[in-house]
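**Student:** Here it is: the structure, laid out below.
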Amino acid sequence: LLHRSSGNITSQRANIRAKLGLKKSDNLKEALQERMRLYEEEHRQEDFSAMR
């Protein structure tokens, strides 16, 4: 699909985990979804405050 080797994907996932301080056993997808949820929640509040 993206023409990347499985080794490359594994390496990229490891780099992302390291930057986020995650353990190898942590679910990367869930961790990223939670981070995005918190980010969106934070920015929704900022946008709401700017409207006042």
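Bear in mind that the values in this text are calculations on the coordinates, not laboratory data. These numbers were taken from a predicted model, which means no experiment stands behind them. In this analysis, Cβ positions are derived from the backbone assuming ideal geometry, glycine residues included, and neighbour counts consider all displayed protein chains.
**Student:** Give the angle, between 0 and 90 degrees and rounded to the nearest 10, that separates the Cα long axis of helix 6-20 from the longest principal axis of the Cα atoms of the chain.
**Tutor:** 40
**Student:** In degrees from 0 to 90, rounded to the nearest 10, what is the angle of the helix 28-51 Cα long axis to the longest principal axis of the chain?
**Tutor:** 20
**Student:** Using the Cα centre as the reference, give the magnitude of the dipole from point charges on the C-beta atoms of the chain (Lys, Arg: +1; Asp, Glu: -1; all else neutral), rounded to the nearest 20 debye.
**Tutor:** On the way: 11 positive and 8 negative charges, 81 e Å.
For this selection, approximately 380 debye.
**Student:** Another one. Hey, could you get me the Stokes-Einstein D for region 6-51, Kirkwood radius over alpha-carbon pairs, 4 °C and 1.567 mPa s, rounded to whole µm² s⁻¹?
**Tutor:** On the way: Rh = 12.2 Å.
Answer from the Stokes-Einstein relation: 106 µm²/s.
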